[in-house]
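Undergrad: Right, I'll just put the structure down here and ask away after.
Rule-based calculations on the coordinates, nothing more; no lab input. Given the structure is predicted, the values throughout are model-derived calculations rather than measurements. Here the Cβ positions follow ideal geometry from the backbone for every residue, glycine too, while neighbour counts run over all protein chains shown.
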Amino acid sequence: MALLAVAEALERLLRTAPRVRRGEMVGLHQADGRVLAEDLAARLTHPAFDNSAMDGYAGIHADLATEGIELTVIGQSAAGRGFSGHVGQGQVVRIFTGAPVPAGADTVIIQEDIETIGDGRIRTHFAPAKGRHIRPKGQDFATGDSLLRAGDVLDAGRLTLAAAMNHGELPVHARPRIAILATGDELLAPGGRPGPDQIISSNTYGVAAIVRENGGEVIDLGIVPDDRQAIAAAVAKARSAESDVLVTLGGASVGDHDLVQSTLVNSGMVLDFWQIAMRPGKPLMVGKLDAITVLGLPGNPVSSLVCAYLFLEPLVRHIGSLPGRDRQSQARIATALPPNDKRQDYVRARLSRPADGMSVATPFARQDSSMVNIFSQSDCLIIRPPFAPEAVAGSLADILVLRTM
C-alpha cells in the first residue's frame, strides 16, 4: 500500500466519521464548551420591567426638563425592593441601578446632577432628555425569542445569555466516546517498577489529554500484551461501551509482534489505509469497526502525540460538532534545515517572539521520536513538505502551534 499524503489521509478519515447524535441535558455549570443540540428560546422577557441604568432620582420629564427646579423625594426604589407608590407632579423617588422605575416616572436624573436642600427635597442642576437612564422592559429580548441555535458552542457569553433566558439545564450533544488501548509486552503503567525489558507506558496520558481538551470523553482500556485474545477482548470492551472511536497505541504495523491490525481485521474491522508519508508517524492506521472509527497511532511517544494533534484532534472535534481548531501559523526559522525527502517532516521547535513581532522557531538538534522530554519543551512543529529544498536561517516556514506563548 502506497504512502498516503497527510492532507489526503485526514480528508479520508473525517469523510467517513459520523457525527455524534446522542443528546443529553446538562446544568449550566457543566455546559461550558458543549455544543447546543436544539434551538433555545427565552422563557421570560429581559429586562422584566423598566429599570434604572444609574443611581439617581426617578421623576416626570415635564418637571426634570426645567433646570433648577425643586422636587420632593417621596420614597426609594432599590434592586429587589421597588417603590410601590405613584410619582406625581413635583415628586421624585430615590432610585438605584437595576431598580424598577416607579409608576408615573419616565426619566432618571443622576445623583451627580442634583443637590439635596433638606426637608426631603432636591434641586436639579441639569435637564435630562425624556427617558434618560431608563432601560425599558424587553429591551434585550422577549419571551419566546429564539436566541441560541443548535450547533452553537457554549462559551461565557452564550452561557450568560442562556441563564438570563431562565434555562437551568441545556440540551447538548453528548461528548464523543474515545476508547484508548495501549498494546505491548514491554509496557508497564506509571508508578510501577519496570523489569529489565520493560518501559513505562506514557502515550495514553498525552493522547487522553488531547481528547479531553477537544471535548471528548476518554474510555481507558488499559494496557494489553501482544496477544490476540487479549487484544480481541479489549476491542469487545470498546464495542460494549458504545465507543465512537477506538484509538490503539502501537502494534499497528505488520511485524511478527505487531498484532493489532490483524486482530482488528479478524474482529470485523474494514481497513481503509495505513502508512502515511510523514515523519514522525508513518505507521498510522485508519479503519471502521461497525460504527466505530479506528485510529491506530504509532507506539513511539512523540510519533503518537504528533499524529494525535494532526488526526485525532480534528476527528474528535468533527464528530463532536465542534468547529475545527486552526493550529497552523508561520515563523522564521532560527537555523538552516536540510533538504527533505518524500515524507512530510514535523520538526520539534521552540518559539520566541522578538521585538519585531514575527515569531522565531528554533528547532531542537535531536529529533528522535522516543524523546518525550524534547517534545514537552516544544512550542511548535516546523512543517517540512515532501522534497522541500534546504531552508536557510531566517526564512519563513509553516508551523503547527502546540502551545501559545
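Undergrad: Based only on other Cβ atoms within 10 Å, what is the fewest-to-most ordering of M285, M165?
TA: Listing M285, M165 from fewest to most nearby Cβ atoms yields M165, M285.
Undergrad: Mind listing the long-range amide H neighbours of A349? Cut-off is under 5 Å, sequence gap 5 or more, other chains count too, H placed in the peptide plane at 1.01 Å from N.
TA: Under 5 Å from the amide H of A349 lie the amide H atoms of F364, D379, C380, I382, each far enough along the sequence or on another chain.
Undergrad: Additional query: Would you mind telling me the antiparallel percentage of the DSSP bridges in the range 161-296, rounded to 5?
TA: 35 percent
Undergrad: What residues qualify as long-range amide H neighbours of A388, i.e. H under 5 Å apart, gap of 5 or more or another chain, H built at 1.01 Å from N?
TA: Those qualifying (amide H under 5 Å, at least 5 residues apart or on another chain) are N340.
Undergrad: Rounded, prolate or oblate for the range 328-401? Axes are the square roots of the Cα gyration tensor eigenvalues, ordered a ≥ b ≥ c, and the cut-off for rounded is a/c under 1.5.
TA: Numbers: a/c = 1.79, a/b = 1.10, b/c = 1.63.
Here the range 328-401 falls in the oblate category.
Undergrad: Starting with the fewest neighbours, write out Y205, Y57 ranked by other beta-carbon atoms found within 10 Å of each beta-carbon.
TA: Ranked by crowding around the Cβ, least crowded first: Y205, Y57.
Undergrad: Now for a different question. Compute the Rg/Rh shape ratio of the range 128-243: radius of gyration over Kirkwood radius, all on alpha-carbon atoms.
TA: Taking Rg over the Kirkwood Rh, I get 1.32.
Undergrad: Sort V207, V20 so the one with the fewest other Cβ atoms within 10 Å of its own Cβ comes first.
TA: Lowest to highest Cβ neighbour count: V20, V207.
Undergrad: Relative to the longest principal Cα axis of the chain, at what angle does helix 228-240 sit, 0 to 90 degrees, rounded to 10?
TA: Result, in degrees: 20.
Undergrad: Contact order normalised by length for the chain, with contacts defined as Cα pairs under 8 Å and 6 or more residues apart; what percent is it?
TA: Once divided by the residue count of the chain, the mean separation gives 15 percent.
Undergrad: With an 8 Å cut-off on Cα pairs and a minimum separation of 6 or more residues, tell me the relative contact order of the range 328-401 in percent.
TA: 50 percent
Undergrad: What's the angle, to the nearest 10 degrees (0 to 90), between helix 203-213's Cα axis and the longest principal axis of the chain?
TA: Once rounded, the angle reads 30 degrees.
Undergrad: Counting DSSP beta bridges in the chain, what percent are antiparallel, to the nearest 5? List each step's numbers first, then the result.
TA: Working: 56 of 84 bridges.
Of those bridges, close to 65 percent are antiparallel.
Undergrad: Contact order normalised by length for the range 51-135, with contacts defined as Cα pairs under 8 Å and 6 or more residues apart; what percent is it? Mind showing how you got there, number by number?
TA: Numbers: 233 pairs, mean separation 34.8, N = 85.
It comes to 41 percent, rounded to a whole number.
Undergrad: Place the peptides 347-359, 270-282, 122-134 in order of packing, highest mean first, counting for every residue the other Cβ atoms within 10 Å and averaging per peptide.
TA: 270-282, 122-134, 347-359
Undergrad: Starting from the Kirkwood Rh over alpha-carbon pairs, what translational D in µm² s⁻¹ does the chain have by Stokes-Einstein at 37 °C and 0.692 mPa s? Before the final figure, lay out the partial values.
TA: Working: Rh = 25.9 Å.
Answer, rounded: 127 µm²/s.
Undergrad: What are the ³J(HN,Hα) values, in whole Hz, obtained from phi via the Karplus relation 6.51 cos²θ - 1.76 cosθ + 1.60 with θ = phi - 60°, for each residue of the range 373-382 in sequence order, with x given for Gly and Pro?
TA: Karplus values, whole Hz, x for Gly and Pro: 5, 5, 4, 5, 8, 7, 9, 7, 10, 7.
Undergrad: How large is Rg over Rh for the range 13-127, taking Rg from the Cα atoms and Rh as the Kirkwood inverse mean of 1/r across Cα pairs?
TA: When Rh is taken as the Kirkwood radius, the ratio is 1.36.
Undergrad: Sticking with this one: Residue by residue, what Karplus-based ³J(HN,Hα) values in Hz, rounded to whole numbers, does the range 317-324 have, using 6.51, -1.76 and 1.60 with θ = phi - 60° and x for Gly and Pro?
TA: 5, 5, 6, x, 6, 8, x, x
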